[in-house]
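A short worksheet on the structure shown next.
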Amino acid sequence: MKLEKVTSPHLHGRSDTGHVMRLVILATLPGLVALTWFFGWGVFINLLWAWIVALGFETLVVKIRKRPLGYYINDYSALVTATLLGLALPPLAPWWLTVVGVGFAIVIAKHLYGGLGSNPFNPAAVGYVVLLISFPAEMSSWVPARGIEAAVTPGFIDSLSSIFPVFGNLLGQPNVDIITQATPLDLFKQKQGLTTAEIWQPGSAFGHFAGVGWEWVNLGFLVGGIFLLQRRIIYWHIPVSMLGTLLLMSLIFWGGSGSESNGSPMFHLFSGATMLCAFFIATDPVTAATSTRGRLMYGAGIGLIIYVIRVWGNYPDAVAFAVLLMNFCAPLIDQYVQPRTYGHSQGQNKGHKQNKSKNSTSDQSDDS
Amino acid sequence: MSRKLFSFPGGIHPPENKLQSLSIPIQAVPLPSKLILPLQQHIGAPAKTIISAGESVKKGQCLAEAQGFVSAAVHAPTSGTVVEIADHEIPHASGLTGLCIILQPDQKDQWIERQGIADIRNIEPTELVNIIRQSGIAGMGGAGFPTSVKLSPPADANIKTLIINAVECEPYITSDDVLMRERAAGVIQGVLILTHILQNQQSLVAIEDNKPDAIAAMQEALAQLNEPHNIEIVVIPTRYPSGGEKQLIQNLTGIEVPAGKPPLHVGIVVQNTATTYAIHRAIEHGEPLISRIVTLTGNALKQPGNYEALLGTPIEHLLEQAQLDQHQLSRLIMGGPMMGFALESANAPVVKTTNCLLAANREEYPEPEPANPCIRCGACAEVCPASLLPQQLFWFSMGGELDKAEQYNLADCIECGACSYVCPSHIPLVQYYRATKGELAKRNADLKQSDHARDRFEFRELRLAQEKAAKDAKRKARADASAKAQAAKKAAAELEAKNNPEGSGQSEGKGDSAASDSDIVKAALARVEAKKKAQAEAAASQTATNESTSQPETQDRS
Ligand code: SF4
Ligand code: SF4
């Protein structure tokens, strides 16, 4: 009789990293559908292309690092990165933009730092920021959302040939002329002269409260986020503190509906990548703070930075910057916000205690 | 029952798997051909044998007695002959062997003379504690801490609450459950004895709400009690590890036991159900601890259930009763699946702490999956009942950062396994913590040694200085020393003249008499008093240190 030597616990729950990541990808579905509806097939094509590129880079790096491939692909983290980045790119982003962004995210931001779990910065956010800084023009050309006056949502072929000009040539449609337009957040920055009442005219890009299409896109990501919360894949702390801070800031600095308005709370909550960030990017556990209180601070920090950059900064949307900045702070937060261990009084974790005892020993040596 | 509960952080809900072993009542086990009785079935010093090989013994006869304060005696579970006292496999996480008394039953099952106490109310608590000590009772929930130690609090300890841990939160285990279903009255009697010993204000019997039958039986037994009592059955929500000693205390009272201190420190004593029942048997029936109820369960058994096994019964023999399918068995766990350990063979015997034997097959417990990298998802921190940061502890353990691990309070980890259970990357976290705790213990022992060396050096310096000072003083004092000696001699002679025989007799007495007028007697009495006091203090501090050092290991794993 050969008996196994295994130490406790012998039981394991059903959760599994691959499974978690698959659910995260699944949860982006409502947002993806909304994006595709309002901005055309380009979104979908971008996403698929990002997946292919991500798998390609992942395979390449894993081969170079001489690690077992299945093990790495199975955690689905590369696909999650690709999904998040793909969803954030403009719908007709040229194919090479995706390659650069995803490549940077996977190769540099993830593997060069030691692979999944060791990367201090969110790979998708790194990829996005690199693109935004290097290719500002490409990154800000969004097609107008379906429903805006004079908007023509590009069809599948148009989208395909504009992302991959090769296909355009093959299909004999070399130059697809696609009208691009700034996003509502962009417009809002430029339209400082207008009163909010003027902005909210029917038919303008601002929709009901946060921009045509964008409202639905954000609602879609909100629904996906609630699904993740309910499946306990993510915890409420980061989304709630991030959205709460954003809400609070936009209430305080709202400034009414005049031309000096900084945008209504609804506008900030449902515009741009707010919800995508709150539930999918900021909640990336690898790069967030770990304790409960730490996560609250981390989320609040992101909300705060997003608002500050959107309103007083130079970039219309600031999600990626905010996430990266807070990634930077996460280890610090973790260091200072440790939960109180059972049986220890607050602030008396041995970490602090040891510092104290160090001081006291030096005091003693001074005395003697 | 509407007692306010205070809850505790974290916790998980693993599949309970308790029904398998609940379909049949407690089963008796036929006598095996030999019994193997380890001298150490408890935390503390091993028992000291008082018989030798070849001797015939009766059922209940003491074979080895407690040695030192923290220890527990071992008794013969049946009558028979001591074959030998030798090394034998014992149930141990690392498959160690230990000194065991091997007893061959004579099939007569002849008891020694037993004497139970019918009415405990007029008996001194210390006497009861003594009987418990002589009966070899040690915590039967899994930790095996000698019960008499927990019941001898220092005189100034004000015990407010006695908690009976009948939570049994580990999956699969039902031995306390059936004990309460079938022998509730005995458990309640045990609680009464404990209350009499501790003089505590309230006694709480905590049971998880997944044991409605046991709760009903206990409430029924309580209702039938026709004497005043302070016992309350408290039903707590099912959530692992609600039966962890610290978690249970927090849940019931809102009090956290300060790190490194025993529950006594906050006026609480916790006892396990089976232990409580054993106390009842020992006091009221004069039976030492020689058997216990063991849950036999797992898919490799055709007849899972609860079996009343004599201590020392080879596990193999017990598994046969439950119709073990040898080919199915892939993992044999003593204790529950969360905190129990895998046995290397079934040759080891049942001991006082064997509450469950889980004979699992491959399907039930597949080989552990390869670990993925930590994604810092925080699931582990979310479920940790001690509010630790398991992922940080894991990083420090991996990186060999012992100081960091210590700073993040690794010592407060109760090894409940909740973190490993939820980790999506299948990291065997607890395994890392155990290893690091071991390294820390080793390092701190080394440190202590070097501290000792330094202390010794400093002490020597001090002694030399003192000697020198003493020499100087002596030289100075030499002049009048002789004069003083003269005076002293004179005084002594005078006192001796006053002395009478009565006085000297009393000086050996208890010191409660002030009848004598003699100075010498008074002085002698004072000396005796002082000595007694010093001894008592030494003993008390001894207890305290013993308790505080061994307490971290006494997590009742019910
Ligand atoms: S549960 Fe596992 S993967 Fe998640 S943070 Fe803890 S150790 Fe890391
Ligand atoms: S094993 Fe230790 S670290 Fe893990 S959950 Fe239990 S107490 Fe916390």
I'm trying to understand the selection: among the residues of the range B:414-425, which are out of contact with any Gly (no Cβ under 8 Å at 6 or more places or on another chain), open to solvent by less than 20 Å² (accessible area, probe 1.4 Å) and within 6 Å of ligand 2 (Cβ to nearest atom)?
B:G417, B:C419
Consider B:S397 against the criteria (1) within 15 Å of ligand 2 (Cβ to nearest atom); (2) in contact with a Pro (Cβ under 9 Å, 6 or more places away or on another chain); (3) farther than 18 Å from A:T292 by Cα: it satisfies all of them except one. Which criterion is unmet?
(2)
If a residue must be of a type outside the set (G, A, S), under 21 Å from B:L192 (Cβ atoms) and in contact with a Lys or Arg (Cβ under 9 Å, 6 or more places away or on another chain), how many such residues does the range B:101-145 contain?
2
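Quick grid of which residues meet (1) at pLDDT below 90; (2) among the small types (G, A, S); (3) part of a helix (DSSP H, G or I):
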site: B:Q40; (1), (2), (3): yes, no, no
site: B:I51; (1), (2), (3): yes, no, no
site: B:P77; (1), (2), (3): no, no, no
site: B:A93; (1), (2), (3): yes, yes, no
site: B:L103; (1), (2), (3): no, no, no
So how many residues does the range A:14-53 have that are at pLDDT below 90, open to solvent by less than 10 Å² (accessible area, probe 1.4 Å) and either within 16 Å of ligand 1 (Cβ to nearest atom) or within 24 Å of A:F104 (Cβ to Cβ) (or both)?
7
(1) surrounded by fewer than 16 Cβ atoms within 10 Å (Cβ to Cβ); (2) at pLDDT 90 or above: which one isn't true of B:K59, the others all being true?
(1)
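If a residue must be part of a loop (DSSP other than H, G, I, E, B) and either within 13 Å of ligand 1 (Cβ to nearest atom) or open to solvent by less than 30 Å² (accessible area, probe 1.4 Å) (or both), how many such residues does the range B:388-402 contain?
2
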For the range B:417-436, indicate whether the set of residues that are more than 15 Å from ligand 1 (Cβ to nearest atom), modelled with pLDDT of 85 or more and within 26 Å of the chain's Cα centre (by Cα) is non-empty.
yes
Residues of the range A:1-48 being among the acidic types (D, E) and in contact with a Leu (Cβ under 9 Å, 6 or more places away or on another chain), which ones?
A:E4
The lone condition B:P171 fails out of (1) assigned by TED's automatic domain parsing to the domain that holds B:E208; (2) modelled with pLDDT of 90 or more; (3) open to solvent by less than 60 Å² (accessible area, probe 1.4 Å); (4) not in a loop (DSSP other than H, G, I, E, B) is (4)
Residue list for the range A:104-118, restricted to those being assigned to a helix (DSSP H, G or I) and touching a residue at least 12 places away in the same chain (Cβ under 8 Å):
A:F104, A:A105, A:I106, A:V107, A:I108, A:A109, A:K110, A:H111
Does A:L304 satisfy being at pLDDT 85 or above, open to solvent by 30 Å² or more (accessible area, probe 1.4 Å), away from chain B (no Cβ under 14 Å) and within 17 Å of the chain's Cα centre (by Cα)?
yes
With respect to B:R376, determine if the residue is under 24 Å from B:A64 (Cα atoms) and touching a helix residue (DSSP H, G or I) at 6+ places or on another chain (Cβ under 9 Å).
no
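So which of B:A405, B:A441 ends up being surrounded by fewer than 24 Cβ atoms within 10 Å (Cβ to Cβ) and either within 11 Å of ligand 2 (Cβ to nearest atom) or not in a loop (DSSP other than H, G, I, E, B) (or both)?
Result of the check over B:A405, B:A441: B:A441.
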The condition of being within 16 Å of ligand 2 (Cβ to nearest atom) and either more than 29 Å from B:Q20 (Cα to Cα) or open to solvent by 10 Å² or more (accessible area, probe 1.4 Å) (or both) holds, among B:V266, B:V257, B:V235, only for B:V257
List the number of the failed condition for B:I414; all other conditions in (1) part of a helix (DSSP H, G or I); (2) more than 16 Å from ligand 1 (Cβ to nearest atom); (3) in contact with a helix residue (DSSP H, G or I) (Cβ under 8 Å, 6 or more places away or on another chain) hold.
(1)
Do we find that B:P105 is surrounded by fewer than 22 Cβ atoms within 10 Å (Cβ to Cβ) and either of a type outside the set (F, W, Y) or without any contact (Cβ under 8 Å) to a residue 60 or more places away in the chain (or both) in this structure?
yes
With respect to B:H265, is the statement that it is touching a helix residue (DSSP H, G or I) at 6+ places or on another chain (Cβ under 9 Å) and within 11 Å of another protein chain (Cβ to nearest Cβ) true?
yes
In the range A:230-256, residues that are under 18 Å from B:A379 (Cβ atoms), open to solvent by less than 30 Å² (accessible area, probe 1.4 Å) and aliphatic (A, V, I, L, M) total 2
Conditions first: (1) at pLDDT below 85; (2) open to solvent by 20 Å² or more (accessible area, probe 1.4 Å); (3) farther than 29 Å from A:T36 by Cβ. A:T290 passes all but one, so which condition is the exception?
(2)
B:A411 passes all but one of (1) surrounded by fewer than 24 Cβ atoms within 10 Å (Cβ to Cβ); (2) facing chain A (nearest Cβ under 8 Å); (3) closer than 29 Å to A:V286 by Cα; which number fails?
(2)
Filter the range A:264-286 for residues that are assigned to a helix (DSSP H, G or I) and hydroxyl-bearing (S, T, Y) and give the result.
A:T274
Output the number of the condition that B:S345 fails; it satisfies all remaining conditions of (1) modelled with pLDDT under 85; (2) open to solvent by less than 30 Å² (accessible area, probe 1.4 Å); (3) on the phi > 0 side of the Ramachandran plot.
(3)
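The values are calculated or read from the model by the stated rules, or taken from the named source; none is laboratory data. Everything numeric here is computed off the predicted structure, so don't read it as measured data. Virtual Cβ from ideal backbone geometry, glycine too; neighbours counted across all protein chains shown. The protein model used for the area step is the full one, side chains on, heavy atoms only, and it has no ligands, DNA or RNA in it. Shrake-Rupley method; radii C 1.70, N 1.55, O 1.52, S 1.80 Å.
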